[in-house]
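Note sheet for the following structure.
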Amino acid sequence: MKYNKRLLLTPLILLLATVLLVGCSSPIAANFIALDFYELIVKQNDKPIIEVGLSEEVAKTTTTHITTTLKQNIQSALTTEDGVMIDETQLKDLTEAYLSALHQLNATAIVTSSENSKKCTVKLSTSYLDHKAIDDVAVKTALKTIDISTYKDENLYLQDLTNTYIDELIKGYKSSSPSTDVHTQSFEFKLENKIWIPVDYAHFLSSICTMITSDDSI
């Protein structure tokens with residue numbers, strides 16, 4: 001399946017980029033703010049970012065958007081000209097398995113440089129999931145399990161093959177482990193309204209989504 005990062009991120013970027021976070025009298029360090037955004041996007045944990053000024057309504061909207069759009073992407077990837085090849089139960093289980101796998105990921109962030117009191121650079125490192133490996137195993141297992149030579153009805157064969165593939169994907173994500181190495185990238189942050197925020201929201205958010213995968217697949 002192909003994971004449409006742009007479809008997921010565009011409304012999310014517009015939402016977060018226009019929100020005014022209200023910082024406290026002593027600004028929280030930029031590296032901690034970066035990790036709070038990571039928690040929101042990757043783990044749908046909105047508590048840290050709410051504590052630093054994001055409204056609860058916007059945080060909840062963000063997490064709901066992530067889950068809803070992921071479901072839409074999965075359903076779209078498993079829809080053919082002949083119709084939808086994933087039922088509601090499978091869709092729910094696969095979405096939950098995928099998100100649960102992401103929740104195992106971990107990140108660290110440090111401030112590597114400060115140009116002045118209003119701007120700094122944060123280096124974010126995160127483990128990631130090997131989606132391609134999970135998908136490859138699911139495909140191979142499905143093809144081995146569902147023997148085409150025993151079918152006279154091609155549509156029935158494809159449906160059984162797809163069902164097995166989906167089941168194996170779910171198993172794969174449930175049993176997956178984060179990478180032992182990390183992806184690392186640096187981002188510029190600026191101090192605004194007494195809180196550190198990414199200079200380029202679009203780049204920051206899309207980079208996080210890229211960093212938590214081994215490649216562009218799901």
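The values are calculated or read from the model by the stated rules, or taken from the named source; none is laboratory data. Values in this document were obtained by computation on a predicted structure and should not be read as measured data. Quick reminder, even Gly has a Cβ in these numbers, built from the backbone with ideal geometry, and neighbours come from all protein chains shown. Quick note on the areas: whole protein, heavy atoms, side chains included, nothing else; ligands and nucleic acids left out. Shrake-Rupley method; radii C 1.70, N 1.55, O 1.52, S 1.80 Å.
Points to keep in mind about this one:
- Carbon and sulfur %, accessible surface of the chain computed with the full protein complex present, 1.4 Å: 53 percent
- Measuring between their Cα centroids, segment 168-218 and segment 31-49 lie 11 Å from each other.
- When the convex hull of its Cα atoms is projected in every direction, mean area for segment 175-218 (nm²): 4.5 nm²
- Here the Gaussian network model covers the chain, with springs between Cα atoms less than 10 Å apart; of 98, 201, 157, 157 fluctuates the most.
- Whole-number accessible area per residue in Å² for the chain, which is evaluated in the context of all protein chains at 1.4 Å: 52 Å²
- Trypsin sites (Lys or Arg not before Pro) within segment 36-126: DSSP coil, no more than 14 neighbouring Cβ in 10 Å: 118
- For segment 77-218, the Kirkwood estimate of hydrodynamic radius, built from reciprocal distances between every pair of different alpha carbons, is 17.8 Å.
- Within segment 21-111, the proportion of Cα pairs with more than 21 Å between them is 45 percent.
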